[in-house]
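Trainee: Dumping the structure here so I can ask a few things about it.
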Amino acid sequence: MATLTDQELAEFKAAFDSMDFDHDMHITEAELKQVLINLKLYQSDQQVKTLIAEVDENENGKVEYKEYLKLVSSIKQGNSSAFGHVVKEQKKMIQVQGMVGQHSFAQEEMSAFAQHINQTLGNDPDLDYLLPIDPSGLDLCNKVGDGVLLAKFINVAVRDTIDERALNKKKGKASKFQINENQNLVISSAASIGVQTVNIGASELSAGAEHPHLVLGLVWQLVKIHLLNSINLKNHPELVRLLEQGESLADLLKLPPEQLLLRWFNYHLKNAGWPKKVSNFSSDVKDSTAYTVLLAQIAPGTCDRTALNDPDDTSRAGKVLKNAGKLQVQAFIKPEDIVKGNPRLNLAFTAAIFNQCPGLDPLTQEELEKAGLMEDDFGDSREERAFRMWINSLHLQDLYINSLFEDCKDGIALLQVMDHVEPGCVAWKNVERQPNNKFKKVSNCNYAVVIGKQLKFSLVGIGGSDIVDGNKKLLLALVWQLMRMHTLKFVSQVQAKKFGGKEVTDQMIVDWANETVKSKGRTTHMESFKDPSLSTGVFFLDLLWAVEPRIINPEYVTPGDTKENAMLNAKYAISVARKLGAVIFALPEDLVEVKPKMILTFICAIISVAH
């Protein structure tokens with residue numbers, strides 16, 4: 001591959017970013033189609049598929065950044081290609097506009113998400129100065145400017161993520177400093193629930209109309225979480241009915257919500273006797289026939305198939321939306337969005353149908369036990385959640401964890417994280433890149449254990465087969481030590497002066513916290529990360545006050561002498577820390593129950609943003 005200069009790399013990266021609307025390091029068919037439309041090069045959906053296939057080496061239907069870099073290196077060597085021509089034209093457009101990194105965006109998505117927010121938050125009195133949002137133009141981008149709207153929507157996506165007492169609610173009169181605090185709270189809170197926030201800062205959100213692609217990318221992820229959050233076996237154990245011949249429960253558990261939704265869609269189509277399957281939320285649903293059959297199948301007394309007799313796609317799509325309305329489905333998609341095959345809006349529409357009317361008979365207790373769907377089998381522990389969100393926050397290329405226990409079984413994810421935490425520790429020539437059988441998976445996991453021991457982790461009694469077999473306790477022990485190492489390394493780098501450039505230890509963290517609190521005249525104290533007195537939450541609030549006195553409102557601090565008061569303190573402490581820009585993966589329950597691992601990461605996050 002030809003070597004690219006720093007300037008060339010920056011130019012090509014800007015071109016990639018301008019095509020990657022949601023900033024997930026992939027260019028999808030929908031994104032490429034919009035680029036071609038903007039460049040006035042669009043001919044057909046088949047053209048888009050052909051262009052993707054030209055670059056898509058791993059055949060996942062997307063152009064990944066490493067595939068893109070290989071292409072641009074080929075361009076520098078003088079080779080030509082159809083996709084390369086698009087890249088060159090995109091570079092020209094950016095240069096002509098004089099706005100490197102300027103992204104285009106889909107207006108229909110901006111409009112749809114504005115309507116969705118109007119529907120979900122329209123009755124909130126704190127937002128009466130912002131709502132309703134005008135679905136046309138960039139009004140949504142302007143309305144996110146002070147952070148309050150996004151903070152409220154984050155709590156819609158995942159309840160109680162933000163303690164609203166930490167929000168600066170000034171109804172359009174917030175100072176620049178208060179706005180910055182709100183946006184820090186938004187970004188850190190979004191990261192804590194799995195939103196990709198790379199390249200998004202407080203300044204970009206405050207000037208949202210100048211960065212519509214970033215606003216749209218962030219809002220889309222929140223909409224997606226909101227609509228897909230309950231599509232799992234814990235909330236809907238009846239989804240076990242989607243198991244196919246030869247599959248185990250583990251196969252179903254590892255499916256991300258989008259795949260579960262497709263599986264659910266096809267389950268109903270099959271039961272309805274429909275001969276076609278849907279494999280995407282774009283071309284396979286754009287003629288609305290599948291939607292028509294789905295709605296008639298899940299609500300036969302309310303919806304019918306008469307729309308199938310309509311020869312016009314747009315008219316048929318309109319009838320589908322009317323049927324959905326009969327089921328009280330709050331749809332913000334338009335008939336023309338269905339016909340265009342917009343994948344985001346169709347995914348959101350399908351999820352809205354599922355959430356309103358899944359059409360699956362409840363399981364009997366006998367079926368629940370037979371399927372193994374007992375409480376402990378979901379693996380959705382607080383530790384699993386925290387470690388999963390932490391890995392996703394690292395923004396590693398081609399890595400997103402949906403289920404820690406399932407996604408780590410082939411060893412690849414673990415090795416990627418290890419190589420990020422301790423660069424160069426993984427010799428990738430020793431890794432089975434396509435672990436398509438248990439032997440190869442065990443080989444990778446054994447290698448991960450070997451590297452863990454080289455990093456001086458405590459891994460007594462842990463073997464590769466334990467990880468492959470899904471031993472939750474042992475996997476959590478390994479991942480925790482990775483997270484701890486990464487956290488302490490990050491703190492030592494960010495606060496090198498505070499710790500004299502030494503390797504940071506647990507005791508150094510405890511001593512720093514106590515000295516910081518004492519230096520400001522407060523008397524609370526912690527003996528260790530296991531100190532029972534931490535359960536009140538008062539020490540954490542004193543520490544945050546010592547770091548930035550102005551950020552704590554004493555009216556919200558309770559003695560923490562009851563579990564209810566302790567929870568109020570813990571919730572407030574986490575949101576205040578995020579207001580300072582700290583990325584927190586601990587939950588209030590972790591602080592109240594004095595979970596040492598989560599308390600370590602919480603205090604380290606505070607250290608990382610302390611002046």
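Trainee: So, of the residues in the stretch 82-130 that are part of a loop (DSSP other than H, G, I, E, B) and surrounded by 17 or more Cβ atoms within 10 Å (Cβ to Cβ), which turns out to be modelled with the lowest pLDDT? So that I can check it myself, show each step before the final result.
Mentor: Taking the stretch 82-130 as the starting set, the residues that turn out to be part of a loop (DSSP other than H, G, I, E, B) are 98-106, 122-124, 128-130.
Now restrict to residues that are surrounded by 17 or more Cβ atoms within 10 Å (Cβ to Cβ): 103-106, 130.
On the way: His103: 50, Ser104: 58, Phe105: 67, Ala106: 75, Leu130: 97.
So, considering only residues that are part of a loop (DSSP other than H, G, I, E, B) and surrounded by 17 or more Cβ atoms within 10 Å (Cβ to Cβ), the one modelled with the lowest pLDDT is His103.
Trainee: Looking only at the stretch 342-351, decide whether some residue is of a type in the set (D, E, K, R), surrounded by fewer than 18 Cβ atoms within 10 Å (Cβ to Cβ) and either part of a loop (DSSP other than H, G, I, E, B) or modelled with pLDDT of 90 or more (or both).
Mentor: Taking the stretch 342-351 as the starting set, the residues that turn out to be of a type in the set (D, E, K, R) are 344.
Those left that are additionally surrounded by fewer than 18 Cβ atoms within 10 Å (Cβ to Cβ): none.
Among the residues of the stretch 342-351, not one is of a type in the set (D, E, K, R), surrounded by fewer than 18 Cβ atoms within 10 Å (Cβ to Cβ) and either part of a loop (DSSP other than H, G, I, E, B) or modelled with pLDDT of 90 or more (or both), which makes the answer no.
Trainee: Condition first: in a helix (DSSP H, G or I) and farther than 25 Å from Leu476 by Cβ. Can you find one or more residues in the stretch 527-536 that meet it? Break it down into steps so the answer makes sense when it comes.
Mentor: Narrowing the stretch 527-536 to residues in a helix (DSSP H, G or I): 532-536.
With the extra rule that they be farther than 25 Å from Leu476 by Cβ, the set shrinks to 533, 536.
Yes, because at least one residue in the stretch 527-536 is in a helix (DSSP H, G or I) and farther than 25 Å from Leu476 by Cβ.
Trainee: Right, another one. Just one of the numbered conditions (1) part of a helix (DSSP H, G or I); (2) more than 20 Å from Gln221 (Cβ to Cβ) is not true of Glu57; which one?
Mentor: (1)
Trainee: List the pairs whose first member sits in the stretch 594-611 and is charged (D, E, K, R), whose second member is surrounded by fewer than 24 Cβ atoms within 10 Å (Cβ to Cβ), and whose Cβ atoms are under 7 Å apart, counting only residues at least 6 apart or on separate chains?
Mentor: Lys597/Trp480
Trainee: Let me ask something else. Which of the numbered conditions does Arg484 fail, given that it passes all the others? Conditions: (1) in contact (Cβ under 8 Å) with a residue 40 or more places away in the chain; (2) of a type in the set (D, E, K, R); (3) part of a loop (DSSP other than H, G, I, E, B).
Mentor: Condition not satisfied by Arg484: (3).
Trainee: Restrict the check to the stretch 341-351 and report whether at least one residue is among the aromatic types (Phe, Trp, Tyr) and either touching a residue at least 60 places away in the same chain (Cβ under 8 Å) or not assigned by TED's automatic domain parsing to the domain that holds Asp287 (or both). Please lay out each step first, then the result.
Mentor: Going residue by residue through the stretch 341-351, those that are among the aromatic types (Phe, Trp, Tyr) are 349.
Those still in the list that are either touching a residue at least 60 places away in the same chain (Cβ under 8 Å) or not assigned by TED's automatic domain parsing to the domain that holds Asp287 (or both) too: none.
The answer is no; no qualifying residue exists.
Trainee: Ok, one more. Inside the stretch 474-507, can you point out the residues that are crowded, with 16+ Cβ neighbours inside 10 Å and of a type in the set (Ser, Thr, Tyr)?
Mentor: If the condition is that a residue be crowded, with 16+ Cβ neighbours inside 10 Å and of a type in the set (Ser, Thr, Tyr), then Thr487, Ser492 are the ones that fit.
Trainee: Would the stretch 211-219 turn up any residue that is in the same structural domain as Ala352 (by TED's automatic domain parsing) and outside any helix (DSSP H, G or I)? Even if it seems obvious, please write down each step before you answer.
Mentor: Filtering the stretch 211-219 for residues in the same structural domain as Ala352 (by TED's automatic domain parsing) gives none.
No, the conditions are met nowhere in the stretch 211-219.
Trainee: Follow-up question, since we're still on this one. Evaluate the following for Arg550: is it surrounded by fewer than 23 Cβ atoms within 10 Å (Cβ to Cβ) and farther than 21 Å from Asn180 by Cα? I'd like the intermediate steps shown before the answer.
Mentor: Details: surrounded by fewer than 23 Cβ atoms within 10 Å (Cβ to Cβ): yes; farther than 21 Å from Asn180 by Cα: no.
When the stated conditions are applied, Arg550 does not pass them.
Trainee: Do any helices (runs of 4 or more DSSP H) lying entirely in the stretch 131-192 carry at least 1 residues that are among the polar types (S, T, N, Q) and under 22 Å from the mean Cα position of the chain (by Cα), and which ones are they? Give the derivation first.
Mentor: Values: elements: 139-143, 148-157, 176-192.
Here the list reads 148-157, 176-192.
Trainee: Another question about this same structure. Go through the stretch 422-445 and report how many residues are without any contact (Cβ under 8 Å) to a residue 24 or more places away in the chain, surrounded by fewer than 17 Cβ atoms within 10 Å (Cβ to Cβ) and not basic (Lys, Arg).
Mentor: As a first pass, look at the stretch 422-445 and keep what is without any contact (Cβ under 8 Å) to a residue 24 or more places away in the chain: 423-424, 427-434, 436-437, 439.
Those left that are additionally surrounded by fewer than 17 Cβ atoms within 10 Å (Cβ to Cβ): 423-424, 427-430, 433-434, 436-437, 439.
Restricting the remaining residues to those that are not basic (Lys, Arg) gives 423-424, 427-428, 430, 434, 436-437, 439.
So the count comes out to 9.
Trainee: Right, next: Evaluate the stretch 41-56: report whether one residue or more is in contact (Cβ under 8 Å) with a residue 24 or more places away in the chain, hydrophobic (A, V, I, L, M, F, W, C) and farther than 23 Å from Tyr400 by Cβ.
Mentor: yes
Trainee: Quick one: is Lys33 surrounded by fewer than 21 Cβ atoms within 10 Å (Cβ to Cβ) and among the basic types (Lys, Arg)? Before you say what the answer is, go through the steps one by one.
Mentor: Values: surrounded by fewer than 21 Cβ atoms within 10 Å (Cβ to Cβ): no; among the basic types (Lys, Arg): yes.
Here the answer is no, as Lys33 does not meet what is asked.
Trainee: Here's a check for you: in the stretch 285-308, which residue that is of a type outside the set (Ser, Thr, Tyr) and in contact with an Asp or Glu (Cβ under 8 Å, 6 or more places away or on another chain) is surrounded by the fewest Cβ atoms within 10 Å (Cβ to Cβ)?
Mentor: Of the residues in the stretch 285-308, the ones of a type outside the set (Ser, Thr, Tyr) are 285-287, 290, 293-301, 303-305, 307-308.
Pick out the ones that are also in contact with an Asp or Glu (Cβ under 8 Å, 6 or more places away or on another chain) and you get 286-287, 290, 296.
Values: Lys286: 22, Asp287: 16, Ala290: 22, Ala296: 21.
Only one residue fits best here, namely Asp287.
Trainee: Sticking with this one: Tally time: how many residues in the stretch 33-63 are under 13 Å from Asp20 (Cβ atoms) and modelled with pLDDT under 90?
Mentor: 2
Trainee: Would you please list the contacts, defined by Cβ atoms under 6 Å and residues six or more apart or on different chains, that run from a residue in the stretch 449-462 that is without any contact (Cβ under 8 Å) to a residue 60 or more places away in the chain and in a loop (DSSP other than H, G, I, E, B) to a residue that is β-branched (Val, Ile, Thr) and buried (at least 19 other Cβ atoms within 10 Å of the Cβ)?
Mentor: Short answer, once both residue conditions are applied: Leu459/Val449; Ile462/Val449.
Trainee: Please go through (1) in contact with an Asp or Glu (Cβ under 8 Å, 6 or more places away or on another chain); (2) aliphatic (A, V, I, L, M); (3) within 23 Å of Val158 (Cβ to Cβ) for Leu249 and return the number of the only condition it doesn't satisfy.
Mentor: Of the numbered conditions (1) in contact with an Asp or Glu (Cβ under 8 Å, 6 or more places away or on another chain); (2) aliphatic (A, V, I, L, M); (3) within 23 Å of Val158 (Cβ to Cβ), the odd one out for Leu249 is (3).
Trainee: Can you tell me which residue within the stretch 193-210, out of those that are at pLDDT 90 or above and assigned to a helix (DSSP H, G or I), is surrounded by the fewest Cβ atoms within 10 Å (Cβ to Cβ)?
Mentor: Ser203
Trainee: Please work out which residue is surrounded by the most Cβ atoms within 10 Å (Cβ to Cβ), limiting yourself to the stretch 64-81 and to residues that are hydroxyl-bearing (Ser, Thr, Tyr) and within 15 Å of Ile52 (Cβ to Cβ). Break it down into steps so the answer makes sense when it comes.
Mentor: Narrowing the stretch 64-81 to residues hydroxyl-bearing (Ser, Thr, Tyr): 65, 68, 73-74, 80-81.
Within this subset, residues satisfying the condition of being within 15 Å of Ile52 (Cβ to Cβ) are 65, 68, 81.
Working: Tyr65: 16, Tyr68: 22, Ser81: 14.
Only one residue fits best here, namely Tyr68.
Trainee: Please tell me if Pro300 is farther than 24 Å from Asn342 by Cα, free of Cβ contacts under 8 Å to residues at least 12 places away in the same chain and either within 29 Å of the chain's Cα centre (by Cα) or assigned to a loop (DSSP other than H, G, I, E, B) (or both).
Mentor: Details: farther than 24 Å from Asn342 by Cα: yes; free of Cβ contacts under 8 Å to residues at least 12 places away in the same chain: yes; either within 29 Å of the chain's Cα centre (by Cα) or assigned to a loop (DSSP other than H, G, I, E, B) (or both): yes.
Yes: the conditions hold for Pro300.
Trainee: For the stretch 355-395, name all the residues that are modelled with pLDDT of 70 or more and assigned to a loop (DSSP other than H, G, I, E, B).
Mentor: Cys357, Pro358, Gly359, Leu360, Asp361, Pro362, Leu363, Thr364, Ser381, Leu394, His395
Trainee: Follow-up question, since we're still on this one. Given the options Ser315, Ser282, name the one that is in contact (Cβ under 8 Å) with a residue 40 or more places away in the chain and either of a type in the set (S, T, N, Q) or surrounded by fewer than 19 Cβ atoms within 10 Å (Cβ to Cβ) (or both).
Mentor: Details: Ser315 fails: in contact (Cβ under 8 Å) with a residue 40 or more places away in the chain.
Step by step, each of Ser315, Ser282 is checked, and only Ser282 is in contact (Cβ under 8 Å) with a residue 40 or more places away in the chain and either of a type in the set (S, T, N, Q) or surrounded by fewer than 19 Cβ atoms within 10 Å (Cβ to Cβ) (or both).
Trainee: Now for a separate question. Tally up the residues in the stretch 25-40 that are within 15 Å of Gln90 (Cβ to Cβ) and touching a residue at least 24 places away in the same chain (Cβ under 8 Å), please. Reasoning before the result, please.
Mentor: If we filter the stretch 25-40 for residues that are within 15 Å of Gln90 (Cβ to Cβ), which is where we start, we get 27, 31-40.
When the remaining residues are screened for being touching a residue at least 24 places away in the same chain (Cβ under 8 Å), the result is 27, 32, 34-36, 38-39.
Total meeting the criteria: 7.
Trainee: Only residues that are farther than 27 Å from Leu345 by Cβ, in contact with a Leu (Cβ under 7 Å, 6 or more places away or on another chain) and of a type in the set (D, E, K, R): list them for the stretch 226-267, please.
Mentor: Once the filter is applied, which keeps residues that are farther than 27 Å from Leu345 by Cβ, in contact with a Leu (Cβ under 7 Å, 6 or more places away or on another chain) and of a type in the set (D, E, K, R), the stretch 226-267 yields only Arg241.
The values are calculated or read from the model by the stated rules, or taken from the named source; none is laboratory data. Given the structure is predicted, the values throughout are model-derived calculations rather than measurements. Cβ: placed from backbone, ideal geometry, glycine included. Neighbour counts: every protein chain shown.
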